[in-house]
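Structure first, then comments.
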Amino acid sequence: MGAGIRILAALLLALAATSCAAAQQLQQNYYANTCPDVEKIVRDAVTLKVQQTPVAVGATVRLFFHDCFVEGCDSSVIVVSTKNNTAEKDHVSNQSLAGDGFDTVIQAKAAVDAVPQCTNVVSCADILAMATRDVIALAGGPAYSVELGRLDGLSSTATSVDGNLPPPSFNLDQLTAIFAANNLSQADMIALSAAHTVGFAHCGTFSGRIQSNAVDPTMDPGYGSQLLAACPPGVDPNVALDLDPITPKGFDNQYFINLQKGMGLLTSDQVLYADDRSRPIVDNWAANSTDFQISFVDAMTRLGRVGVKTDPALGNIRRDCAVLNS
């Protein structure tokens, strides 16, 4: 048993070292010589998409997170299932991903490939990373530089999702552990959770908190009543509510102010304030938007390094983001 544990530990260390080495190969302006205008091309396409469909903001941010936590930031979540393979996007944990997030990447990819110099030069994984940055900025959040150079994954399976995405019921210890498995700190986790300042959640993800016979004591009673009115028992499962009821379209620190008031929608949101260990960070970022934005950018940069592939043996430039190269 001891030998087995040592072998497992060695394998984990080797994987971590490989991932770290790949992340170190990412760089800003990666496409300066091959597709120098790529960031403007992506930004323009994303801007048009958000103007047409504002919900693309939250949808794209969530898509990036779900991609990076499963097999790394390699755009494997975008791949569609085939007759012989059920892809990541069809795992139950991903079935609530809004189509507008996928469409944001597809449209940006088309815009990039329409430039002859850039055709099949820029990875879908990098386009998703840039698009995520752009939707955040368009919603009033921080603008930041994105490290680039990721390759697209060579596989996408629903089974690879199992156990790698935090459900909305997680407590602080569970959240901290699953983020730590991706080399992200508890502070990173709290900062990234604030992506819930945009987007929406279906009633089923929080219905257990608002049952009339067992209302979550950490929830503001008035807010709970509003949620119950919007999501009564037997409600259509497609009904969804804003994660941030105060500034749902703005990327800001209102998320933390909501937590202070017992207005976090999900258990995994409100626990950040309910637990004494994470509450000081919530209080700080509720009071100081600049501190939050700096920490959020740092956390997003680290998230963008998770499990990246830079070795051509492990990834490629996908011609169609939704289909693995044949």
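For the reader, a short list of remarks on this structure follows.
- Sequence-distant residues sharing a close amide H with residue 200 (under 5 Å, placed H): 243
- The accessible surface of the chain, taken with every protein chain in place and a 1.4 Å probe, is 56 percent carbon and sulfur.
- Principal-axis tilt of helix 38-52 within the chain, Cα atoms, nearest 10 degrees: 40 degrees
- When you restrict to C-alpha pairs under 8 Å that are six or more residues apart and normalise by the size of the chain, the relative contact order lands at 26 percent.
- Residue with peak Gaussian network fluctuation, the chain [Cα springs, cutoff 10 Å], from 50, 215, 198: 215
- Using distinct alpha-carbon pairs, which all enter the 1/r mean, Kirkwood radius of segment 44-140 in Å: 13.6 Å
- With Cα atoms, 0 to 90° folded angle of helix 124-138 axis to the chain main axis: 40 degrees
- Working value for the chain: equivalent-ellipsoid semi-axes of 32, 23, 20 Å, each the square root of 5 times a Cα gyration tensor eigenvalue, largest first.
- Computed with a 1.4 Å probe over protein heavy atoms only, the accessible surface of the chain comes to 45 Å² per residue.
- Separation of the alpha carbons by more than 31 angstrom is noted, of 109/261; 109/249; 249/309; 83/249, for 109/261; 249/309; 83/249.
The values are calculated or read from the model by the stated rules, or taken from the named source; none is laboratory data. Keep in mind that what you see is a predicted model, and the values were worked out from it rather than measured. Protein only, heavy atoms only, side chains kept; ligands, DNA and RNA dropped before computing areas. Shrake-Rupley method; radii C 1.70, N 1.55, O 1.52, S 1.80 Å.
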